[in-house]
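Input: a single structure, listed below in structure tokens.
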Amino acid sequence: MTDRVLSAVFLAALLSLSPALPSRAIDAKPVVIAAVPSLPVRPVTPRLLEPHLRLLPAQDRSRPQVALTLDACMGKTDMRILSVLIAEQIPATIFVTARWLRSNPEAVAILRQHPELFEVENHGENHVPAVDVPMSIYGIAAAGSALAVEREVAGGNAAIEAAGFSRPTWFRGSTAKYSPSAIRQIRAMGYRIAGYSLNGDGGSLLGAAMSEKKIASAKDGDVIIAHINQPGHAAGEGVARALADLKRRGVNFVRLSEAGETGDAGTAP
């Protein structure tokens, strides 16, 4: 035999002696993929705005011009303040809710008797913050939707007209904080947003002396915010004293409808 033939025979013999390799069965077990827990969807919290409002400079610089705005949220009437306004002939813009109007018929009658002093504007139906997503502001539940914001504004307007006052043109929501979209919505309903430049009583939570000091610091162009619905709080005493003192110092009080003004956060004219 030739060398090539001998090699072939030898290779065949080796293969015949080798054990057969077992065929591997395919593992048909299902592949288990661990479930990935879904993350909770967090609601988007809007950036709240607290608009500022200032009057244009007074033409007579010797007589500083100030606008007094008073919130009547709910509850009763602080006659310490209302009596000073009438006695000193101090005009004011009063922001009332439907709740306050229902609870204070005697004060409502006084406001109607003095149209030369008081203009009544919209503070909402139920003192609900004008924010169109669900959230809490200072512990008060916001309107929570555009429909609820509309209801709060329209309900306040209806109550004011039903009480015998002119249709309001200004709106100030509870807490004076708004979502940007709510500001646009309220303005589209025909209202100006009433901000302020000087917080006179810290939501009626300051003491009498501090409230008096804050309001006494008012300067030309300031729009003061204070409250006229908390007769049991010490702040009202300080508010009343400061207003009388400002009048004696020659400050010219005006209502919001009587002076030009500038506002920020989308509230400018």
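Points worth noting:
- Inter-site label distance for Ala146 and Leu56 at 7 Å from Cα along Cβ, in nm: 3.4
- Multiplying the residue separation of Val133 and Arg249 by 0.36 nm and subtracting their alpha-carbon distance yields 37.3 nm.
- In nm, spacing of pseudo-spin labels at Arg47 and Arg102 (7 Å Cα→C-beta vector): 3.8
- Rounded percent of accessible protein surface that carbon and sulfur make up, the stretch 85-168, 1.4 Å probe: 53
- Think of each Lys and Arg Cβ as +1 and each Asp and Glu Cβ as -1; about the Cα centre, that makes the dipole of the stretch 88-128 roughly 200 debye.
- Spin-label pair Lys219/Ala158, simplified geometry with 7 Å Cα→Cβ offset, distance in nm: 4.5
- Separation of alpha-carbon centers, the stretch 82-114 and the stretch 62-81, rounded to whole Å: 9
The values are calculated or read from the model by the stated rules, or taken from the named source; none is laboratory data. What you see is a predicted model, and the numbers here were worked out from it, not measured in a lab. Note that we place each Cβ from the backbone using ideal geometry, even for glycine, and neighbour counts take in every protein chain shown. All accessible areas refer to the heavy atoms of the entire protein, side chains included, with ligands and DNA or RNA removed. Shrake-Rupley method; radii C 1.70, N 1.55, O 1.52, S 1.80 Å.
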